[in-house]
Amino acid sequence: MTGVAIALVVALLPALRHADQFVLLWLGCAGSGALVLGPALFGARVALPEWRAVLPLACGLGIAVGPVMLLGRLIKTATHHRPLGAMTYAVVACVAVLCAWVLAWRLLQLTQASGNGVRRASRVVLGALLLASLLLTIVSSMALGSAVGPVVVDVVAIVVLSFFGLRAGVDLKLGAVPPLVAWLVWGLAVIGGGLMTLQVGPLATTASLPLSAIAAVVMQ
């Protein structure tokens, strides 16, 4: 329910940027957002009490995001067979994320080692990898040109609303809603988003990249 609510709010941003198809685009982007944010916020709430256990995964994703984005650019420009390129990207990206997760887990283990030199070196290596990944992400994002601004705005809005929603316990308060009703609302939002995406067409993908999960599937 919290994911649906946040998606409905954030989806106003791309809808306002394309006022000629405001309602259709708003519902389409909201459905895509609900599809991702619903399970994501549920997982975040479950993981919060054991946030240290999630730290290696977060660092691993941080290390992997830059190389994975760079890989996406290379495959897009160098591959003419789209289905083969998409499958190659999925497999290699999955392996990259898993390897980065293991590497981050091991480095975080070393930060708790007994030797001061080992702890310091592991922190430096982890920081350097995260910084390098950030730089690669920035370089890859520059290829988006004018689309960078909306992407940043939408991502920041999602992160801020999700953070304060979890911090304020909005999801816990909405826990009073019967599960059947919650699943029904979430399902209607996602299905409605898919139908609206078909009506809007390719604009559903380009209007808001962070809110285009359904469009990425439907439009392919």
Residue hits (region 111-133; modelled with pLDDT under 85 and of a type outside the set (D, E, K, R)) are Thr111, Gln112, Ala113, Ser114, Gly115, Asn116, Gly117, Val118
Note to self: Among the residues that make up region 95-110, is at least one of them under 23 Å from Ala216 (Cβ atoms) and surrounded by fewer than 16 Cβ atoms within 10 Å (Cβ to Cβ)?
What the structure shows: yes
Result of the Cβ filter at 8 Å on region 158-169, keeping first residues that are touching a residue at least 12 places away in the same chain (Cβ under 8 Å) and partners that are surrounded by fewer than 12 Cβ atoms within 10 Å (Cβ to Cβ) and not basic (Lys, Arg), at least 6 apart or interchain, is Leu166/Leu48
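This table checks each residue for (1) without any contact (Cβ under 8 Å) to a residue 12 or more places away in the chain; (2) outside any helix (DSSP H, G or I); (3) within 27 Å of Ala11 (Cα to Cα).
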residue: Gly33; (1), (2), (3): no, no, yes
residue: Pro56; (1), (2), (3): no, no, no
residue: Val65; (1), (2), (3): no, no, yes
residue: Gly72; (1), (2), (3): no, no, yes
residue: His80; (1), (2), (3): yes, yes, no
residue: Val92; (1), (2), (3): no, no, no
residue: Trp105; (1), (2), (3): no, no, no
residue: Leu136; (1), (2), (3): no, no, no
Gly187 meets each of (1) within 27 Å of Ile63 (Cβ to Cβ); (2) in a helix (DSSP H, G or I); (3) over 19 Å from the mean Cα position of the chain (by Cα) with one exception, condition (1)
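The values are calculated or read from the model by the stated rules, or taken from the named source; none is laboratory data. Since the structure is predicted, the reported quantities are computational estimates derived from the model, not experimental observations. Positions of Cβ are generated from backbone atoms using ideal geometry, with glycine treated the same way; all protein chains shown enter the neighbour counts.
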